[in-house]
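Please read the structure below before turning to the comments.
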Amino acid sequence: MLVVSNLLLWEKAASIPACMVEDGGCWDPLREAFNSATQRAETLRNLSDQLYVEFFQNQFSSRQFADLSSQLIRKDETVLKAGTYCHSNRAKPKSRGVNIDIEEYLKMSINFVGSWISPLFHLVIELSAMEGVPETILSKAKDLEENNRQLLDDLRWILTKVFPTAEIKEEFPSWDYLSFLKSSNKNHKFLAIFNLSSCLDYDTKYTIHYLKILNCLITGKDC
């Protein structure tokens, strides 16, 4: 985890944009964008945690997830990779102490969040087509996809506001288990879901952390 000094982060913070006066109050659209992004990230964190637990407990998937967990403990090579390797690692913002290039860090955060666009989109499609999928699981998957898309839009908006001339080449890492998820083989399909739920549960913790760092660096608030 990136550990930074509050003082040094504050010193590196970008100039705080002038707020807009509305009804006698001060409204800062950039701060509102960060508040929105943070709220969505926290929603993603809660939903991913709930979905991860439900896959283990719900009759729809509990047996498959229990089997996969047993194979993971036995260090089965295929399951070990699915349970420990996340495609999003290729886009994870790099930790460089306080020597952070704010624009680059923001762009990497966009690609990190964007790496989940395709997996969540296809998860909803495949779950919708599978027999016996509980509404509680499907609804959480849909909410995850929607909140992730909205979070990505928030980050894109922040980039254009803070760096109006910035150009970004969005390179979302491809998900290694997409073909498994689309497979007619039930074991392959659940292996993909196992990978997705494990990695998403892990990544959402980091997303909140990255947002806190960006908020401090860009607005100088909550450092």
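None of the figures in this text is laboratory data; all of them are computed from the coordinates on show. These numbers were taken from a predicted model, which means no experiment stands behind them. Using ideal geometry, Cβ is built from the backbone for each residue, glycine included, and neighbour counts are taken over all protein chains shown.
Less than 11 Å Cβ to Cβ from V53, Lys/Arg counted +1 and Asp/Glu -1: what total charge do the surrounding residues give? Write out the running numbers ahead of the final one.
Working: positive: K140; negative: D49, E54, D201.
Charge balance in the 11 Å sphere: -2.
Relative to a virtual label point 7 Å from the Cα of H209 in the Cα→beta-carbon direction, which members of region 114-151 show backbone nitrogen distances below 19 Å?
Once the point is set 7 Å along Cα→Cβ of H209, 114-116 turn out to lie under 19 Å by backbone N, inside region 114-151.
Once the other residues with Cβ under 12 Å from the Cβ of Q71 are scored (Lys, Arg +1; Asp, Glu -1), what is the net sum?
0
Which residue fluctuates most in the GNM of the chain (Cα springs below 10 Å): P173, P134, P93?
Between P173, P134, P93, it is P134 that shows the largest mean-square fluctuation.
Zone of N58 (label point 7 Å along Cα→Cβ, backbone N under 19 Å): which residues in region 197-217?
It comes to 197-202, nothing else.
Determine the sum of side-chain charges near D201: Lys and Arg each +1, Asp and Glu each -1, restricted to other residues whose C-beta is under 13 angstrom from that of D201.
Result for the local shell: 0.
Show me, bin by bin at 10 Å from 0, the whole-percent P(r) of the chain based on Cα pairs.
8, 31, 31, 18, 10, 2, 0
When you count, for each residue, the other Cβ atoms within 10 Å and take the mean per peptide, how do 189-202, 75-88 rank with the highest first? List each step's numbers first, then the result.
Values: 189-202: 22.9, 75-88: 15.8.
Descending mean neighbour count gives 189-202, 75-88.
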